[in-house]
Amino acid sequence: MKPLHAKVLAVRSVPRQQIYKVLLAEPGRAWTIRELAGSLPDVSVEAVTATLHLMLGERLMNQVHHARGLTLQLNNEGRTTIEQIVQGWSAVPTTESQP
């Protein structure tokens with residue numbers, strides 16, 4: 001995994017987990033922010049927007065040209081990086097479910 005300048009992309013959060021799950025489920029799909037936010041009703045549009053813009057800045061997503069509005073697609077490096085981040089989260093026990 002390449003080092004991230006936006007380290008927040010590797011910080012575990014429920015919205016980020018949901019965003020990454022959807023992106024990894026359809027890695028070849030081109031997404032607008034509206035489409036991705038619409039598929040994640042429990043995640044704010046702001047969280048989707050911030051995450052996708054950070055991922056674009058890290059070159060983990062490519063902008064789809066000739067598309068209406070900002071349309072992004074996970075690239076190979078992005079897929080590999082996000083898979084590694086999610087695997088790292090799985091290796092660390094969470095304290096969220098503890099009383």
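The values are calculated or read from the model by the stated rules, or taken from the named source; none is laboratory data. Every value quoted in this text rests on a predicted model; they were computed, and no experiment measured them. Glycine gets a Cβ as well: all are built from the backbone with ideal geometry, and neighbour counts include every protein chain shown.
Here are a few things to note about the model shown:
- All of (1) over 16 Å from LEU9 (Cβ atoms); (2) surrounded by 15 or more Cβ atoms within 10 Å (Cβ to Cβ); (3) at pLDDT 95 or above hold for SER44 with one exception: (2).
- Residue count, segment 40-51 (criterion: closer than 13 Å to GLN17 by Cα and either assigned to a helix (DSSP H, G or I) or of a type in the set (Val, Ile, Thr) (or both)): 4
Let's see how each residue does on (1) at positive phi; (2) at pLDDT 95 or above; (3) surrounded by fewer than 13 Cβ atoms within 10 Å (Cβ to Cβ):
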residue: LEU9; (1), (2), (3): no, yes, no
residue: VAL14; (1), (2), (3): no, yes, yes
residue: ALA50; (1), (2), (3): no, yes, no
residue: HIS65; (1), (2), (3): no, no, yes
residue: LEU70; (1), (2), (3): no, no, no
residue: THR80; (1), (2), (3): no, yes, no
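- Note on segment 3-39: residues that are within 17 Å of GLN73 (Cα to Cα) and part of a loop (DSSP other than H, G, I, E, B) total 5.
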